[in-house]
Amino acid sequence: MKFNTKAVHAGEKPDSATGALATPIYQTSTYAQDAPNQHKGFDYSRAANPTRQILENNLAALENVDYAVAFSSGLAATSSVLNLFKQGDHVVASQDMYGGTYRLFKQLYEKYGVTFDFVDATNSDALQSAIKPNTKLVWIETPSNPLLKITDIKAAAAIAHDANARLAVDSTLATPHLQQPFSLGADLVVHSTTKYLNGHADVIGGAVCVKDKTLYEQLRFWQKSVGSVPGPLDCYLVLRGIKTLPLRMDQHSKNAMTVAQFLQSHPKVKRVIYPGLQSHPQHELAKKQMTAFSGMIAVELDASFEKAMAFASNLELFTLAEDLGGVKSLTCHPASMTHAAVPKQERLKTGFTDELIRLSIGIEDADDLIEDLEKALDPL
Ligand SMILES: *Cc1c(COP(=O)(O)O)cnc(C)c1O
């Protein structure tokens, strides 16, 4: 089955009880049993819920693997992956990553004796040199948030596997429509379904997709034991969002390319980071491992910090807000908002400055987005 067909159909059949074409929202905590422990595969919704199960089967199909486990947030999904490891294990992670992931690693897992090294994952030699005898996991985020760095998934997988470690890829910014990490050697793929997969900025959710059955069973056990599960309505919404994922991603990507080109040619713009631009340092790699470049742009203006912040607030179609990947365009100041947990000296090492502004390009008409940007840029 081709990707667009899977997005609409995978894991989903008309409801067996009623014929309902849309997946019912099984808003129930529990299920009637015929006799103690004799039931239809569902006993309690923390352990399993039909709406959630359909979403999980759909996500697994999109990533082309057998298993997916849905979580209450992207960070709950990330945390389930970290819980596959134990005190004394070492993780090599990409330096540029979502601020909440960094906080989870540094402020929580380090406390439990897992150690981390953060490296420039775009440099395979740096990744390789960070490997230690006790390295059990290589964690990459590509494209990364907020600098949109691209890591070579195939090279990272080879380095991880050479060391008997696993490779986990946070593929949130790409989605399975634009990037298929398992085909490049990943062992685990993590998504914040909050972002493009749901796509409408009305759900918090996450998922881990996995090829290996043993790992899958451990993740499932973690999900059931900890209870970091998404509710059935949220699962329904993500499942519904996914049906238009390919259409939305194509429009996000097309709009972002148009906006990035406009910004690049604007005299008030100092630097535009977009993997689809020739000027992006990993543009060739992005072309190789992604089918389009998604909808995120990072930009630095040729203006004072105050003026750059005024620009971010003065936009009208773009709303100043955390989050990304929805149909509506957003702008964000990562240093003070999404990445406030990352220490400044760590940020500056990767070129993530106080001036950086992040744009999440929606699916509106690109002409209107450019007009809005122009109106806010011109007075600078
Ligand atoms: C938002 C985000 C997360 C965290 O997801 P939540 O659903 O907010 O918990 C993880 N990784 C990336 C790349 C993100 O953008």
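Contact map, region 310-327: residues that are in the same structural domain as Ser144 (by TED's automatic domain parsing) paired with residues that are within 16 Å of the ligand (Cβ to nearest atom) and at pLDDT 95 or above, Cβ distance under 7 Å, separation 6+ or inter-chain. No pairs are found. Just name the residue that is nearest to the ligand (Cβ to nearest atom) out of those in region 175-190 that are open to solvent by less than 10 Å² (accessible area, probe 1.4 Å) and farther than 25 Å from Asp162 by Cα. Per the stated criteria, the residue is Thr175.
Filtering Asp66, Asp43 for residues that are among the charged types (D, E, K, R) and touching a helix residue (DSSP H, G or I) at 6+ places or on another chain (Cβ under 9 Å) leaves a single hit, Asp66. For region 151-162, the count of residues that are within 13 Å of the ligand (Cβ to nearest atom) and over 22 Å from Ser73 (Cβ atoms) is nonzero.
Within this structure, Leu215 fails the test of being in contact (Cβ under 8 Å) with a residue 12 or more places away in the chain, within 30 Å of Pro133 (Cβ to Cβ) and touching a Gly at 6+ places or on another chain (Cβ under 7 Å).
A count restricted to region 269-317 and to residues that are at pLDDT 95 or above, assigned to a loop (DSSP other than H, G, I, E, B) and of a type outside the set (Val, Ile, Thr) stands at 17.
Number of residues in region 148-159 that are open to solvent by less than 10 Å² (accessible area, probe 1.4 Å), in a helix (DSSP H, G or I) and in contact (Cβ under 8 Å) with a residue 40 or more places away in the chain: the value is 1. Restricting attention to region 191-219 and to residues that are open to solvent by 50 Å² or more (accessible area, probe 1.4 Å) and under 22 Å from Ile242 (Cα atoms), the residue that is farthest from the ligand (Cβ to nearest atom) turns out to be Lys211.
The values are calculated or read from the model by the stated rules, or taken from the named source; none is laboratory data. Keep in mind that what you see is a predicted model, and the values were worked out from it rather than measured. We place every Cβ from the backbone using ideal geometry, glycine too, and count neighbours over all the protein chains shown. Protein only, heavy atoms only, side chains kept; ligands, DNA and RNA dropped before computing areas. Shrake-Rupley method; radii C 1.70, N 1.55, O 1.52, S 1.80 Å.
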